[in-house]
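All remarks here apply to the structure that follows.
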Amino acid sequence: MKWDPRIEEMPVEEQKRQQYRLLKTLVCRLYAFSPFYHNRMKEAKVHPDDIGSLADVQKLPCMFKRDLRDNYPDRLFTASQEELVRYHVSSGTTGKPTVVGYTAPDLEQWTTSLARGLTSCGLGRGDIMQVSYGYGLFTGGLGLHYGAERIGATVLPSSVGNTERQIELMQDLHSTAIACTPSYLLHMGEVAEKMGVSIKNDTDLKVGVLGAEPWSERMRDHMQQWLGIKAYNIYGTSELSGPMFTDCSEQQGVHIWSDMALIEVLDPDTGEVLPNGEKGELTITMLQKEALPMIRYRIGDITSMDESVCVCGRTHPRIDRIQGRVDDMLIIRGINVFPSQIEHTLLSIPEVGGQNFMIIVDRKKNLDTLLLQVELQSGAFSDKINDLMAIRRKVEYRLKNALNVAAEVELVEPGSLPRFEGKSKRVIDKRVL
Ligand code: ADP
Ligand code: ZN
């Protein structure tokens, strides 16, 4: 089944003509109306007139996450506040988060993208989708929510947490699909077993739409067998709108709708465009976004692309599983965490300072854990347990506020953590996917 066969099966040549038309329109609009893009293009000595073919996208300068940070909160927006109907907020690299604004057509496009994707995962009317992504400032919950409603499925907006209740509801309301992070679904499976419930035998669950964090084919096989479901990958970032693109029935890569996004894979060091099949940094131009357009946005995710027509009949390009990051971003319980945010927070606490700390990430019972070893400043070192407990609580509290993820803090004596000559290596990630 296809949500919109006319678009999803559009011949590649026709897609490229459409992409060129959209790109040209976008570049002209931004050159005329956005001071940011106008200046960027001037600096790069490109004018909208220089864009005469789709390949000319390569003449345009790239954007990075730091452009969003430097223009916090809304200086990259190209719609006025009155035109916006929603904001979402995601983690930024240091103290300030990234704010994303949406016009009504932006939300419509996001919903359409997911309507196509969820249909390609075999879902539709009659399905009951439990949305166990976080609702609120994050994009996952509300994104999937509207996508699932659009295809006529029944949404159970259960959000994250309260796992035992989620399993009861899954049984009582007969959920056929769930959207959440892959690690949360594994956790749910284990909690269910403790309750004496087998997701495979005692529930109607048949589809998982899983993403927001890296996972592997090995995890997919395991989940499909153990839980008796088809496990599909969903990919996106808040800068694109949120989770937007999914696998199809073939499970051979995530289809990226070419009428919405123009993708390139670049060599992260040279910025050169890489051919199909070669791994590099995914770079996306959002062709139709109104409020927060993106031209050649270098997302930081490493993958390769494949433009061959898929067995499912969809002609839109696919990307492979995300293989890693070009930066040091960590994803903990589906939430982006940058070591620079941690450093920034610690720097504001005089008892510890941000110079010496170690980040240890692990996965216990399928839930990510974050442990921070933090050196006390010599002045703050005390042999009174109460003083140390108070500092520890303060550090944990500040970090929770800054990261949106709980971290366990272990205070250590001044001078006890490793020192680095050259590039510091502060992260130990013990997770096996
Ligand atoms: P979201 O709310 O969709 O997680 P964020 O902007 O907070 O959006 O995070 C986006 C990042 O999450 C991506 O750049 C990527 O690193 C990671 N991510 C999202 N989906 C996947 C996926 N299916 N596989 C691997 N990584 C993913
Ligand atoms: Zn396909």
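Quick one: would you say residue 37 is open to solvent by 60 Å² or more (accessible area, probe 1.4 Å), at pLDDT 95 or above and within 19 Å of residue 290 (Cα to Cα)? Taking the combined requirement at face value, the residue does not satisfy it.
Exactly one residue among 208, 236, 196, 253 is of a type in the set (Gly, Ala, Ser), without any contact (Cβ under 8 Å) to a residue 60 or more places away in the chain and within 16 Å of ligand 1 (Cβ to nearest atom), and that residue is 208.
The residues in the range 339-360 that are touching a helix residue (DSSP H, G or I) at 6+ places or on another chain (Cβ under 9 Å) and either within 16 Å of ligand 1 (Cβ to nearest atom) or without any contact (Cβ under 8 Å) to a residue 40 or more places away in the chain (or both) can be counted, and the count is 5.
Test residue 314 against the criterion of being over 25 Å from residue 121 (Cβ atoms), in contact (Cβ under 8 Å) with a residue 60 or more places away in the chain and in contact with a Cys (Cβ under 7 Å, 6 or more places away or on another chain), and give yes or no. Criteria not met by residue 314.
Counting only residues that are buried (at least 18 other Cβ atoms within 10 Å of the Cβ) and either more than 16 Å from ligand 2 (Cβ to nearest atom) or hydroxyl-bearing (Ser, Thr, Tyr) (or both), the range 198-213 holds 8 of them. Restricting to the range 391-413, and then to whatever is loosely packed, with under 14 Cβ neighbours inside 10 Å and modelled with pLDDT under 95, can you tell me which residue is nearest to the chain's Cα centre (by Cα)? The qualifying residue nearest to the chain's Cα centre (by Cα) is 401.
When residues in the range 42-66 are screened for being modelled with pLDDT under 95 and open to solvent by less than 60 Å² (accessible area, probe 1.4 Å), 1 of them pass.
The values are calculated or read from the model by the stated rules, or taken from the named source; none is laboratory data. On a predicted model such as this, the values are computed, not experimentally measured, just so you know. Neighbour counts are summed over all protein chains in view; Cβ atoms, including those assigned to glycine, are modelled from backbone coordinates with ideal geometry. Surface areas here come from the heavy atoms of the whole protein model, side chains and all, with no ligands, DNA or RNA. Shrake-Rupley method; radii C 1.70, N 1.55, O 1.52, S 1.80 Å.
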